[in-house]
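Worksheet: one structure, shown below.
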Amino acid sequence: MDNTPIFTDDTIVFGLLMLALGFVFLTESIKTGFWGKFYKIVPGLFMAYMVPAVLTTTGLIAPEWTTVSDTGEITEHSSNLYYVSSRYLLPAALVLMTLSIDLKGVFNLGWKALIMFFTGTIGIVIGGPIAILLISAISPETVGGAGPDAVWRGLSTLAGSWIGGGANQTAMLEIYGYNQAKYGQMVFVDIVVANVWMAIILIGIGKRNMINKWLKADTSSIEDLKDKVSSFTEKVKRNPSLTDLMLIAAIAFGTVSIAHLGANIIAPFFDEFVAGFDSQTTRNTFTFLGSKFFWMISIATIIAILLSYTKAKNYEGAGASKFGSVFIYILVASIGMKMDLSLIFDNMGLIAIGFVWMTIHALLLILVAKLIKAPYFFLAVGSQANVGGAASAPIVASAFHPSLATVGVLLAVFGYAIGTIAAIGCTILMELASMG
């Protein structure tokens, strides 16, 4: 099937995404009339995500498409914009947003951040089997299948993705041997459900004061950290010279190049090291150590934290974190581009499992946040550190304040580390639920 979008050239598509972001920021700056009322309800970050999704849904652009030649030959195509955004701009953004970090202040955020992260993990672990039990009562064939076609095997890849990330997802595919011809369905459910949930979280950010009031949350540690960073920014604030801007670019992308270099060396080493384990379970548990993306994000963050103890920190006064925010918004737009809203209604059975699963994850987070009076920031970032990983946790964290992006990364790294083990536990429960 030929589903070629109107615009396939990444140069043109990137321009459209930038125009979409420009439209969002322009309309958000209008504080009166329709737009003033609109942005009191809908956050700008959500619109930066949703407008590209509309462009994809209407067929103007697409993350992937298929062409069929006159001879019937099928060719797969894809846009490189998300890859460039996540591999180049994301680590650069993390560097620029981390330069002014107060690491002591991050650690002072305390135990509630970790509690909410692990609550999110538990929500995914128990959500899968509960979703299977609930959907099987309505539509048993949706959760059926035998051997490699068993639906619970496919759902194991979602557990891997929603607790860890891409490396953990691939590990679960290998461990449980799901039929790879049907694997695309699970990837689709992953994209739809995770992106809809992220959209809901972004809407919640705009209502965070009301939500925190309902949770009776103590936000003092977060506000203290934001105030410290803001006061430091004011102290070193200056009108940036061209030299400042070039050095900011040098710090950001120089660090990105070192991070990629390190990842290219370390990831294959660990890939080979992990392959040497006798136990298949052990190999799959530590498969994330062979992920270049994991090491690239980790190295970039570590270098940025080290730079925050040097004079490089003062470049925050020249607008370092603002440039980081620009890169983050481009990443948000490229993620939104992956979302075709019309496809939500395809394969409703699997989508229903995904939404029930994510609802359980969300309800557990809300319950625990209410019990321990955790701020919405911890709920949102704890969830995205699981479901979205290192690509979207910093987006959500930085929406509260650029200095908080590192919190999202640190929690996402936890997700990589426990992703496969927790996903195996979830899959065992899902297999038992399917038998019932």
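So how many residues does the range 268-289 have that are at pLDDT below 80 and open to solvent by less than 20 Å² (accessible area, probe 1.4 Å)?
Qualifying residue count, the range 268-289: 3.
Identify all residues within the range 96-116 that are farther than 18 Å from residue 225 by Cα and either of a type in the set (Val, Ile, Thr) or open to solvent by 60 Å² or more (accessible area, probe 1.4 Å) (or both); write none if there are none.
Listed by number, the list holds a single entry, 115.
Could you say whether any residue in the range 26-47 is over 22 Å from residue 196 (Cα atoms), part of a strand (DSSP E or B), touching a residue at least 12 places away in the same chain (Cβ under 8 Å) and among the polar types (S, T, N, Q)?
So far as the range 26-47 goes, no, none of its residues is over 22 Å from residue 196 (Cα atoms), part of a strand (DSSP E or B), touching a residue at least 12 places away in the same chain (Cβ under 8 Å) and among the polar types (S, T, N, Q).
Could you figure out which of (1) touching a residue at least 40 places away in the same chain (Cβ under 8 Å); (2) assigned to a helix (DSSP H, G or I) isn't true of residue 397?
(1)
Take the conditions modelled with pLDDT of 90 or more and open to solvent by less than 70 Å² (accessible area, probe 1.4 Å) and apply them to residue 52. Does it pass?
When the stated conditions are applied, residue 52 passes them.
Step by step: first the residues of the range 383-423, then only those that are over 17 Å from residue 222 (Cα atoms) and modelled with pLDDT of 85 or more, then the one that is surrounded by the fewest Cβ atoms within 10 Å (Cβ to Cβ). Which residue is that?
Here the residue is 422.
If we keep just the residues of the range 80-95 that are of a type in the set (S, T, N, Q) and open to solvent by less than 20 Å² (accessible area, probe 1.4 Å), which is modelled with the lowest pLDDT?
86
Quick one: in the range 210-242, which of the residues that are farther than 21 Å from residue 105 by Cα and part of a helix (DSSP H, G or I) is nearest to the chain's Cα centre (by Cα)?
Out of the qualifying residues, it is 211.
Which residue, of 330, 265, is hydrophobic (A, V, I, L, M, F, W, C), assigned to a helix (DSSP H, G or I) and surrounded by fewer than 15 Cβ atoms within 10 Å (Cβ to Cβ)?
From the options 330, 265, the qualifying one is 265.
Only one of these is open to solvent by 70 Å² or more (accessible area, probe 1.4 Å), closer than 30 Å to residue 153 by Cα and either under 20 Å from the mean Cα position of the chain (by Cα) or basic (Lys, Arg) (or both): 311, 292. Name it.
Of the residues listed, the single one that is open to solvent by 70 Å² or more (accessible area, probe 1.4 Å), closer than 30 Å to residue 153 by Cα and either under 20 Å from the mean Cα position of the chain (by Cα) or basic (Lys, Arg) (or both) is 292.
If you check every pair at least six apart or on different chains, which have Cβ atoms under 6 Å apart with a residue in the range 243-254 that is assigned to a helix (DSSP H, G or I) first and a residue that is open to solvent by less than 70 Å² (accessible area, probe 1.4 Å) second?
Within 6 Å, the pairs are 244/318; 248/315; 248/320; 251/312; 252/92; 252/95; 252/96; 253/92.
Out of 130, 138, 200, which single residue is open to solvent by 50 Å² or more (accessible area, probe 1.4 Å), more than 17 Å from residue 359 (Cα to Cα), touching a helix residue (DSSP H, G or I) at 6+ places or on another chain (Cβ under 9 Å) and at pLDDT 80 or above?
Of 130, 138, 200, the one residue that is open to solvent by 50 Å² or more (accessible area, probe 1.4 Å), more than 17 Å from residue 359 (Cα to Cα), touching a helix residue (DSSP H, G or I) at 6+ places or on another chain (Cβ under 9 Å) and at pLDDT 80 or above is 138.
Can you pull out every residue in the range 355-382 that is charged (D, E, K, R) and not in a loop (DSSP other than H, G, I, E, B)?
370
Can you tell me which of 32, 11, 4 is open to solvent by 80 Å² or more (accessible area, probe 1.4 Å), closer than 30 Å to residue 70 by Cβ, over 23 Å from the mean Cα position of the chain (by Cα) and among the polar types (S, T, N, Q)? Reasoning before the result, please.
Details: 32 fails: closer than 30 Å to residue 70 by Cβ; 4 fails: open to solvent by 80 Å² or more (accessible area, probe 1.4 Å).
Selected residue: 11, the only one of 32, 11, 4 that is open to solvent by 80 Å² or more (accessible area, probe 1.4 Å), closer than 30 Å to residue 70 by Cβ, over 23 Å from the mean Cα position of the chain (by Cα) and among the polar types (S, T, N, Q).
Restricting attention to the range 371-382, does a residue exist that is among the β-branched types (Val, Ile, Thr) and surrounded by fewer than 24 Cβ atoms within 10 Å (Cβ to Cβ)?
Within the range 371-382, one or more residues are among the β-branched types (Val, Ile, Thr) and surrounded by fewer than 24 Cβ atoms within 10 Å (Cβ to Cβ).
Have a look at 175, 203 and point out the one that is more than 25 Å from residue 432 (Cβ to Cβ), out of contact with any strand residue (DSSP E or B) (no Cβ under 6 Å at 6 or more places or on another chain) and not basic (Lys, Arg). Walk me through how you get there before you give the answer.
Details: 175 fails: more than 25 Å from residue 432 (Cβ to Cβ).
One residue alone meets the criteria, 203.
The values are calculated or read from the model by the stated rules, or taken from the named source; none is laboratory data. Treat the numbers as computed from the prediction; the structure is a model and nothing was measured. All Cβ positions, glycine included, derive from the backbone under ideal geometry; neighbour counts span all protein chains shown. Areas reflect the complete protein model, heavy atoms only, side chains present, ligands, DNA and RNA absent. Shrake-Rupley method; radii C 1.70, N 1.55, O 1.52, S 1.80 Å.
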